[in-house]
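Chemist: Structure provided below as structure tokens; questions to follow.
Throughout, read-outs are computed from the coordinates displayed, never taken from laboratory work. Note that the coordinates shown come from a computational prediction; the quantities given were computed from them, not determined experimentally. All Cβ positions, glycine included, derive from the backbone under ideal geometry; neighbour counts span all protein chains shown.
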Amino acid sequence: MNFTDILASKFEPETTGTTIMAVIYDGGLLIGADSRTSSGQFVADRCADKIDYIHDRIFCLRSGAAADTQIITKHVRYYVDAHAQELGRLPAVATAANLFRNFLYEYKDSMSASIIVAGWDPYKGPQIFTLPLGGSVIEQKWSIGGSGSTFIWGFCDSNYKENMTHQEARAFVSHAVAHAMFRDGSSGGIIRLLNVTKDKIEREFIDYKDVPFK
Amino acid sequence: MIFNSEFSGQQQHTTQPIVTGGSVIALAYKGGVVVGADTLCSYGSMADFKNVEKIAQVSKNTIYVSSGEFSDFQQVVRELAKIDRSALQYDDGVHPSPRDYGNYLARLSYKRRCKINPLYLQNVIAGFHNGERYLGLVDIYGTYLESNFVTTGFASYFCKAIISNYWNENCTLDQAKQVIRECFKVLFCRDCRAHDVIQLAYVDEQGTHIEQPERVETKWDFSGFKNRANEKLHTQ
């Protein structure tokens, strides 16, 4: 082991050890995330916002190395903005997903980024695209990601139903994220929710004391 | 893997901790010593065991708790409990003092360190004997020190400033407890392996008192937390 290897092994990148999820319900799409950004054992940001704006009805959820996901998101936001200007109408969620995919696939050896792209467009309604580490793109009705997701696969598999109402979806997401935060040391803090529909987007902040399960 | 008696020379070494306990903070106050620890044991990054009462009473006037590998902690509790019993052999009515426990643990830790098979712990022993407070810290290498305040783990980075500013060695029990609660609030916010349910225990002239676990209140509803930069990008 030479000096560079030793240095590299000591340097732990700031990651979004995290819990993120998105669910399509009857009428729209609900996104949820915790608020902890960790650097090894240290909580670098206890109130982070992991729900990033791409376009008016397109959002992305980031997990993996924070630096990698932030820069890719910046680039995609720029490209989607330019594209939407030329297009003159709302861009497709699939477009944003594809732009993310190009980055993640091209740089798969040097990036550690896993992203969920979720949004609504007038062509296909609410959509969720999961982009795991290698750069593949998979469309799903619901998606969970981040280190905390390992603890809630059972919960989500059992409790997900198609065509939930907004209330049911909100309960599903907030309970799932709460359960993940309960067990994952790299997730925690408050829960941020975002509701995306044709007509509006609404953010919600669930304070720590109101988290459903802790 | 089959255990063959011919290979009985094989010994396990604790080279990395598996189940770990969190930070411990202990402060002396006027009349005794108070110790606080959270009730979480982590399995790597997973918060596996969430209501573990860790603070152990090893004798009438000594309490012991440590951070690090939990199985080593449980083993040490057994070892320390043996000391009082074996002292009965001398039949002279002398019971080991808190300092005796601290010293024993320091020698034990150092011996294990020399065999490259450490007790993966940072230990805190607190007690009250003959009108004097005792607070000792023994680390993974067997380094032994006595002090009026000790911290282990992440608390050593975050909490010493709080302790310097809000505590003095002649404060009251309630003041010392409040300082410890404030320290654990910071730890819960900034340490991934911390939990907001803590347990306090104190030793004074009357003996040891180990309290029930309690939850510390942390504040998250700052307006700056609710409205972050990302939201300003929304054009709606």
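Chemist: Return yes or no: is B:THR152 within 16 Å of the chain's Cα centre (by Cα) and β-branched (Val, Ile, Thr)?
Modeler: Details: within 16 Å of the chain's Cα centre (by Cα): yes; β-branched (Val, Ile, Thr): yes.
So B:THR152 passes the test.
Chemist: Moving to a separate point now. Can you pull out every residue in region B:191-228 that is among the hydrophobic types (A, V, I, L, M, F, W, C), within 30 Å of B:ARG133 (Cα to Cα) and within 14 Å of another protein chain (Cβ to nearest Cβ)? Steps first, answer last, please.
Modeler: Taking region B:191-228 first, the residues among the hydrophobic types (A, V, I, L, M, F, W, C) are B:192, B:194, B:197-198, B:200-201, B:203, B:210, B:216, B:220, B:222, B:225.
Then keep just the ones that are within 30 Å of B:ARG133 (Cα to Cα); that gives B:194, B:197-198, B:200-201, B:203, B:210, B:216.
The answer is B:ALA194, B:VAL197, B:VAL216.
Chemist: Output the number of the condition that B:PHE188 fails; it satisfies all remaining conditions of (1) more than 14 Å from every other protein chain (Cβ to nearest Cβ); (2) in contact with a His (Cβ under 9 Å, 6 or more places away or on another chain).
Modeler: (1)
Chemist: Under 6 Å between Cβ atoms, at least 6 apart or on separate chains: pull out the pairs that start in region B:112-131 with a residue that is under 26 Å from B:HIS95 (Cα atoms) and end on any residue that is among the polar types (S, T, N, Q) and not in a strand (DSSP E or B).
Modeler: B:LEU119/B:SER109; B:GLN122/B:THR152; B:GLY127/B:ASN61; B:PHE128/B:ASN61; B:HIS129/B:ASN61; B:HIS129/B:SER97
Chemist: Still on this structure: Which members of region A:162-191 meet the condition of being surrounded by 24 or more Cβ atoms within 10 Å (Cβ to Cβ) and more than 17 Å from the chain's Cα centre (by Cα)?
Modeler: Listed by number, the list holds a single entry, A:GLY185.
Chemist: Pairs under 6 Å by beta carbon, first residue within 17 Å of A:PHE182 (Cα to Cα) in region B:171-193, partner buried (at least 18 other Cβ atoms within 10 Å of the Cβ) and among the charged types (D, E, K, R), six or more apart or different chains?
Modeler: Close Cβ pairs satisfying both conditions: B:PHE188/B:ASP196; B:CYS189/A:ARG46.
Chemist: Looking only at strands (runs of 3 or more DSSP E) that lie completely in region A:115-207, which have at least 1 residues being away from every other protein chain (no Cβ under 11 Å)? First the steps, then the outcome.
Modeler: Numbers: elements: A:125-131, A:138-140, A:142-145, A:191-197, A:201-206.
Output list reads A:125-131, A:138-140, A:142-145, A:191-197.
Chemist: If a residue must be more than 17 Å from the chain's Cα centre (by Cα) and within 14 Å of A:LEU29 (Cα to Cα), how many such residues does region A:110-133 contain? Spell out how you get there, then give the answer.
Modeler: Our first condition is that a residue be more than 17 Å from the chain's Cα centre (by Cα); within region A:110-133, this holds for A:110, A:121-125.
From the residues that got through so far, the ones that are within 14 Å of A:LEU29 (Cα to Cα) too are A:121-122, A:124-125.
The qualifying residues number 4.
Chemist: A further question on this structure: Output the residues belonging to region A:181-214 that are farther than 19 Å from A:TRP153 by Cβ and among the β-branched types (Val, Ile, Thr).
Modeler: Result: A:ILE190, A:VAL196, A:THR197, A:ILE201, A:ILE206, A:VAL211.
Chemist: Take the residues in region B:27-45 that are within 14 Å of chain A (Cβ to nearest Cβ) and surrounded by 17 or more Cβ atoms within 10 Å (Cβ to Cβ), then tell me which one is nearest to A:SER187 (Cα to Cα).
Modeler: Filtering first and then ranking leaves B:SER45.
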